[in-house]
Structures are given as C-alpha cells and as structure tokens.
2 protein chains.
Amino acid sequence: MNYIIGIDLGGTFIKAGAVSKDGEILFETSLPSQAEVNPQAVVRQIGKAVGIIEEKFQSDKLLGVGIGSPGMVDLDGGTVKNPPNLANWIVFRLGDEVVKLINEPVKVENDANAAAVGELKFGAGKGMKNFIMITLGTGVGGGIIADGKVFRGAEGGAGEIGHTTIDYNGPLCGCGNHGCIEAYVGQKHLSRHVAEQLKSHPESLINKLIKGDMEKLEPKIISDAANQGDPFALQIWKEAGFHVGIGLVSAMNVLDITTFIIGGGVAKAGKPLFDSIQETIVAHAFSTVKPRVRVLCAKLENSAGVLGAAALFAE
Amino acid sequence: MNYIIGIDLGGTFIKAGAVSKDGEILFETSLPSQAEVNPQAVVRQIGKAVGIIEEKFQSDKLLGVGIGSPGMVDLDGGTVKNPPNLANWIVFRLGDEVVKLINEPVKVENDANAAAVGELKFGAGKGMKNFIMITLGTGVGGGIIADGKVFRGAEGGAGEIGHTTIDYNGPLCGCGNHGCIEAYVGQKHLSRHVAEQLKSHPESLINKLIKGDMEKLEPKIISDAANQGDPFALQIWKEAGFHVGIGLVSAMNVLDITTFIIGGGVAKAGKPLFDSIQETIVAHAFSTVKPRVRVLCAKLENSAGVLGAAALFAE
C-alpha cells in the first residue's frame, strides 16, 4: 500500500502520522519538537518520527513527507522564515535539511495553508476549486485555495485573514493593530469579552456552568450554554459570527472567493455561530454574489495538522 | 509596424486607440457607446471604432483588440456580466460577438483589471510580479497582479478593494455597506466630508478657492489648497491616506502583496496623500513585512483605459 507521512510541527510537539492516499490516518505518534534547542534539533526529531513510522510500514511504499510549519514558507528549499514559537529560528531551509537526513521526497507548507490543502484533498473542500479556509482558535488563521492551489502571494504569507481590520477603532489585537477579526474572536479575546459582559448578565446559564471561576470561561462553556438555549450565550455567538462575517466580506470582495470553510476549536460552537456568519456575509455581499455564498464546517477536526501536511502529497 | 487596438468601454463613450507594443499611443478616437440601446449596438460601435483605426493603419499589422469593460468578465467568450451603467445587459458574450464582426483576435477584461495590466506592461509595475492597483476616483476600483497575471478569483470579480470595510460603523457606502474605503475617499463622499468639516474651518484656504460654491469642492481644489500649505487641506489628505492605508493593510494581509500602485483623479493629490498611505501601511504591517511595503504612483494617467485594454495583447 502507498502511504504519506504528515508532520504537524508545533512549538512544543511534533505530531506525525501515516496517512493513506484517501486521507485515512493509519497511525499517529507525537514527539517533543525540541524547538527550544535549535532548528537542527527539530530536523532530528522529524527524522526520528519518520523513522518510527517507516519501521511500522516497512512493507509499504512511502510517497513523501509533508510538513506543516508555523511561519512564512518559501517553497524553494522548504524554507521557513520567522516562525512564531520556534526559538533561534529566523530563516532555515527546513525541507532541504530533512531531505538530507531521510532521503525521501519532502514538501513544506505553512500550517494554515496546509490545513486548507487538507480540506481540499480530504475534507469539506473536496472537488472545489476556490475557497477560503479559516481556523478559529487561539489565533485566527487562514488559507486561500484559488484555482485548486494554495494562493501564496509574493512570499508565501498570504491568507492572514484573521488580521483583516473590521473597525480601526476596535479592540487591540496581538499583532499591534486594532479591530482585526482575531481581536474579537481569538479565544482569549472572546473569553475576556464574555467575562466583561457577564457582569451585566447574572441570569446567564454561563454563570452556573463556570461557578464563578472565570478561568473556565472557554468557548466550550459558551457553547454548552447556547445549546441549552441561554439567550446571552446565543447573543455572544451571534456577535462573534457578525465580526467574523464582516471580515470575510472584505476578503471575499478582494478575492472573489465565496466559499468559506471554517474550523478550529471556536468553530465547535456550531449552528449559532455558523448561521450568524452566513447571514452576515449574505447581507453584506454584492447582490450578484449573494447566491454564491457558502459557509461550511471544516471536516478534519483534531487531526487537521497531520492530514493537511499529508495532503501536500495527495493527488 | 505591429500595433494593438485598445478599447475603453464606458456607459456613454467608447474610447479607442492604436497602441504600439511598447505602450505608445499612436492614435486615439472616441464614439458614443450606445449602451442605452442594447449590447449589440455596443458591438457595432466597437466595430466602427476598429474600422476607423484599421483604415488609418492599413500598412501595419494589427496584433489584437483588447477591450476593458465594466462588470464581471468571464474569459470564456469574453463574457461580460452585470455591468453597471450598461443598460439591458445581464450576461453577454461580448468578446465572441466582436470577433464575429471584425474577425480579429479579441480579449476582454474588467476595466479595473485592465488598468492593472496596463501598469504591469507599460507603467509603474513594469518588471514586477506582484502588486495591487487602486484607482481613486468616483469609485475606488482595484486590480490584483499576482505572479505576473491578473488574479481573477472564482468568477473574475476579484480586486474590489474599494469595498474593504475599515469600520463597520462607518459612513454608508454606495454598495449598501458601511465603512468601505470608497465611503471615505470616493470623490462624492470625500467632497461631502470636506464640506461638513469646512464649517468649523473658516480659516481654510479652500473657502477662498471655492468662493462659497460647495459644488466646486472637488479634489483638485483641496489639492490646490494643500499645495499652498493650507493645514486643513493637508489634514484632509492625511485622513484620506489613513483610510485608504487601513483598507490596503487588510488586502495586504490577505494577499501577501506589498506593492501598491495608486492612480485615478483623487490620486493627483500627490505627496500629502501618498505619504500618509505609505506611513499608515508601514505602521500597521507585520514587522517582517514592513521593509517590503512600496506605494507607487500610477503612470498611465488619462489614457489608462485604452492602454490597459491594449496591454492585454502586450508580451
């Protein structure tokens, strides 16, 4: 059988998986990334992960090793630039170094772009030519699929849709600007906003669920309350969807791409959030574009990182 | 000599020009577009314009006829969809119909995209692979050049950067949304804003220049005042540049394209406007991107429409 290795490179851990050509995870493992040591240590850890998997699949044919990495990625040499959370790492030809070590085909892509390729090959974007992928988590990441390929821009940094401004007087974002989508719905921003609003909503079910412990104010709790019909929690998702939707309209007008695939932990809020995103985009789209708007839930979930990286070698 | 015909199709007039391969205008003419009759009448007028030019250049070789049209353009058949200002025109295979009539190679492109191609082939974008073109006029149009080609999106409508939201509570735009770039710096919006502000700036030179006639409050007047050092007029351009810049940062983050070419009547404001746009973009760009930001003045000016259309046939 043919298989692909997908590597999800994070600041603390490397997740590695053997993936079938159809996107089925055959085996998964995880190692410390040792990113705090230096890039060469990361290369060694990737080599170790590949070794573990190759040993298990000795009688099968490895098609290639896909790596999803933080930071900007230049396809030339699989070069990773300025990755956040990877120390001592400015510009490093990760792909070339991994090839030297394992002597197999290697492709490197930015992790958000890889997630978009994952949805394209194995997930909600299967068979599509154009969509915008958004990951709602601690940060708000994005990847653009245009004409069936990753749209990378001048230097591979395209898709930072989380840093689309929706109100230049809005809340401060981690990037230093005001009113980015991420400054509203990035997980910490959202929790802080809910904590503030909660003071004037003593009736909200959220209060019961967190029992006064604001640390517990995670999207999961807001969703639990919303699922039980709590009006305040529903309102929170409605607002979050509005903020995401307004930003996506700008991206849509720039790109003329009208399909959105939304994943990440915050997206687990489900219907109340998705309905609000869809309504906001349709309400603000050019009239000729309205009928084309589609907002879909990402399919790859927890293994999105490994599957996205593996998808770099999918047909 | 080889030459190209460029056709700038407008709601009232067709401008047509014979253009050399290097982007020199050899001859220009103009005819009523008869867009108020029907699309076939427009085709006949285009045919007439081509005939006039071919007669003048009988001993030369026509390389092709490029047409810049309002509306969304599908390259299949040179199909123009929902053009504003062209009546009775929903979906029409303009390119195919013109080919039938004149039997020469024809390419059709959206006018804003054609303007970007014009700058790419003949203007400020010569030799570049990636830039965003913005035209500041009555509306705020845009075109994206990515990897040396027009980025068209799913259906050819990409580049509507004028409808990037910078404040969803901002002023109402013609598109029905609030706080688009166009709602701040589209010519009418800008004039109205200045008229309002002028009441609290009786000292401004603008008052002298318009002599109380608010109808005269065009960008040209604001520029004249700014050029004479009028602080209020300078402040207007500074604000306008800020609003444009904030919107361009969103587009830049989505596209990872960091060169901006800015044209159109309002761009004649020159240095005070351009400095403000540049400063705003640099101030709000990701730190790794700041050094790459370039804001350039478009070069094609008055003949941008004809040259952009002709550029569709330039090497």
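All of the numbers you see were taken from the coordinates with simple rules; none came from a lab. Predicted model, so just to flag it, every value in this text is computed and none were measured. Cβ: placed from backbone, ideal geometry, glycine included. Neighbour counts: every protein chain shown.
Quick one: dipole size for the stretch B:126-298, taken about the Cα centre, charges +1 on Lys/Arg Cβ and -1 on Asp/Glu Cβ, in debye to the nearest 20.
For this selection, approximately 440 debye.
Express the relative contact order of the stretch A:199-315 as a whole percentage, based on alpha carbon pairs under 8 Å and six or more residues apart in sequence.
Answer for the stretch A:199-315 is 25 percent.
Suppose a student asked you for the relative contact order of chain A, using Cα pairs under 8 Å spaced at least 6 residues apart; what percent would you report?
Relative contact order here is 20 percent.
Which value, in debye to the nearest 20, gives the size of the charge dipole of chain B about its Cα centre, when Lys and Arg are +1 and Asp and Glu are -1 at the Cβ?
About 300 debye.
Taking amide H atoms as placed 1.01 Å from N in the peptide plane, list the residues 5 or more away in sequence, or in a different chain, whose amide H sits under 5 Å from that of A:GLY170.
A:GLY179
Quick one: net charge of A:ASP230's neighbours, Cβ under 13 Å, K/R +1, D/E -1?
It works out to a net charge of 0.
Using Cβ contacts closer than 10 Å as the measure, can you line up A:SER69, A:SER287, B:SER20 from fewest to most?
Lowest to highest Cβ neighbour count: A:SER287, B:SER20, A:SER69.
Hey, what number do you get for the protein assembly as shown at 222 nm if only DSSP H runs of n ≥ 4 count, each worth -39500 (n - 2.57), divided across all residues, to the nearest 500?
Rounded to the nearest 500, it is -11500 deg cm²/dmol.
Convert 4 °C to kelvin, take the viscosity as 1.567 mPa s, use the Kirkwood radius over C-alpha pairs of the stretch B:126-298 as Rh, and evaluate the Stokes-Einstein diffusion coefficient in µm²/s, rounded to a whole number.
79 µm²/s
Which of the helices in chain B meet the span-like rule: DSSP H, Cα axial reach of 24 Å or more, Kyte-Doolittle mean at least 0.0?
Those that clear 24 Å and a mean of 0.0 are B:39-56, B:231-255.
How do A:MET214, B:MET252 rank when sorted from fewest to most other Cβ atoms within 10 Å of their own Cβ?
Starting with the residue having the fewest Cβ neighbours, the order is A:MET214, B:MET252.
Within the set of other residues whose C-beta is less than 13 Å from the C-beta of B:GLY95, count the net charge using Lys and Arg as +1 and Asp and Glu as -1.
-2
Any idea what diffusion coefficient the protein assembly as shown gets from Stokes-Einstein, in µm²/s, Kirkwood Rh on alpha carbon pairs, 10 °C, 1.306 mPa s?
Answer from the Stokes-Einstein relation: 61 µm²/s.
For the stretch A:126-298, build the charge dipole from Cβ charges (+1 Lys, Arg; -1 Asp, Glu) around the Cα centre, then report which of A:CYS175, A:GLN228, A:VAL293 sits farthest towards its positive end.
Towards the positive end, the residue furthest out is A:VAL293.
Mind checking which lysines have their Cα closer than 28 Å to the Cα of A:LYS208? Skip sequence neighbours fewer than 8 apart in that chain.
A:LYS188, A:LYS199, A:LYS216, A:LYS220, A:LYS238, A:LYS268, A:LYS271
Using the 10 angstrom Cβ neighbour count as an exposure proxy, how do A:LEU75, B:LEU205 rank, fewest first?
In increasing order of surrounding Cβ atoms, one gets A:LEU75, B:LEU205.
Going toward the positive end of the dipole of the stretch A:126-298, with +1 on Lys and Arg Cβ and -1 on Asp and Glu Cβ, which of A:VAL150, A:GLY137, A:LEU248 do you reach last?
A:VAL150
Report, for chain A, the % of DSSP beta bridges that are antiparallel, rounded to 5.
Around 60 percent of the beta bridges assigned by DSSP in chain A are antiparallel ones.
When only C-alpha pairs under 8 Å and at least 6 residues apart count, what is the relative contact order of the stretch A:126-298, in percent?
That works out to 23 percent.
When the C-alpha atoms of chain B are aligned to their principal axes, what extent does each axis show, in angstrom, from largest down?
Each principal axis gives a Cα extent; for chain B these are 60, 48, 36 Å.
Antiparallel DSSP bridges in the protein assembly as shown: what percent, to the nearest 5?
60 percent
What is the antiparallel percent of DSSP beta bridges lying wholly in the stretch B:126-298, to the nearest 5?
55 percent
Just add up the charged neighbours of B:VAL289: K/R +1, D/E -1, any other residue whose Cβ is under 12 Å from the Cβ of B:VAL289.
+1
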